[in-house]
1. Just by accessible area at a 1.4 angstrom probe, what is the order of LYS34, LYS59 from largest to smallest?
2. Could you work out [θ]222 nm for the chain from helices alone, using -39500 (n - 2.57) per DSSP H run of at least four and dividing by all its residues? Round to the nearest 500 deg cm²/dmol.
3. Please report, in whole Å, how far the alpha carbons of the chain spread along each principal axis, starting with the longest.
4. Of SER96, SER13, SER28, which has the most accessible area with a 1.4 Å probe, and how do the rest follow in descending order?
5. Among ALA88, THR72, LEU2, whose Cα sits farthest toward the positive end of the charge dipole of the chain (+1 at Cβ of Lys/Arg, -1 at Cβ of Asp/Glu, about the Cα centre)?
6. Taking 0.36 nm per residue of separation and subtracting the Cα-Cα distance, what length does fully extending GLU30 through GLN63 add?
7. Taking a 1.4 Å probe, which of LYS61, LYS22 shows the most accessible area, and what order do the others take after it?
8. Only Lys, Arg, Asp and Glu count, each charged at its Cβ (+1, +1, -1, -1), so figure out the dipole size of the chain about its Cα centre, rounded to 20 debye.
Amino acid sequence: MLTKEDMDVFERSIREQLIAQKDLLGFSDEKLGKAAFPFMPYPRGKVQALLVGQGAPGKRKPQNMRFPDVITLCDALGLSWVDVGREALKAVKAASK
């Protein structure tokens, strides 16, 4: 069972993987948003809310990721959500040691 701290590590690891792939591909928040959330009126804002957070610097807290958000972002970035999740679980185990 994951504790609250484990869940935070898990989500942080997913974010780091998504951001690394986004940067590797040279995707802007706008491009990723349109690829992942084309049905939303402001897809760029959704990406920023999930990956960076909203608010003043230093007080930003990203939105909690829903499982469908992770799958959609992974798909848009050409990542396997299974592999991303597996790496996030490894990060949780490493943090608990």
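1. Sorted by accessible area, descending: LYS59, LYS34.
2. -21500 deg cm²/dmol
3. Rounded to whole Å, the extents work out to 41, 31, 22 Å.
4. Most to least solvent-accessible, the answer reads SER96, SER28, SER13.
5. About the Cα centre, the residue reaching furthest to the positive side is LEU2.
6. Result for the pair: 10.1 nm of gain on full extension.
7. LYS61, LYS22
8. Value, rounded to 20: 220 debye.
The values are calculated or read from the model by the stated rules, or taken from the named source; none is laboratory data. Keep in mind that what you see is a predicted model, and the values were worked out from it rather than measured. All Cβ positions, glycine included, derive from the backbone under ideal geometry; neighbour counts span all protein chains shown. When the accessible area is computed, the model is the full protein with side chains, heavy atoms only, and any ligands, DNA or RNA have been set aside. Shrake-Rupley method; radii C 1.70, N 1.55, O 1.52, S 1.80 Å.
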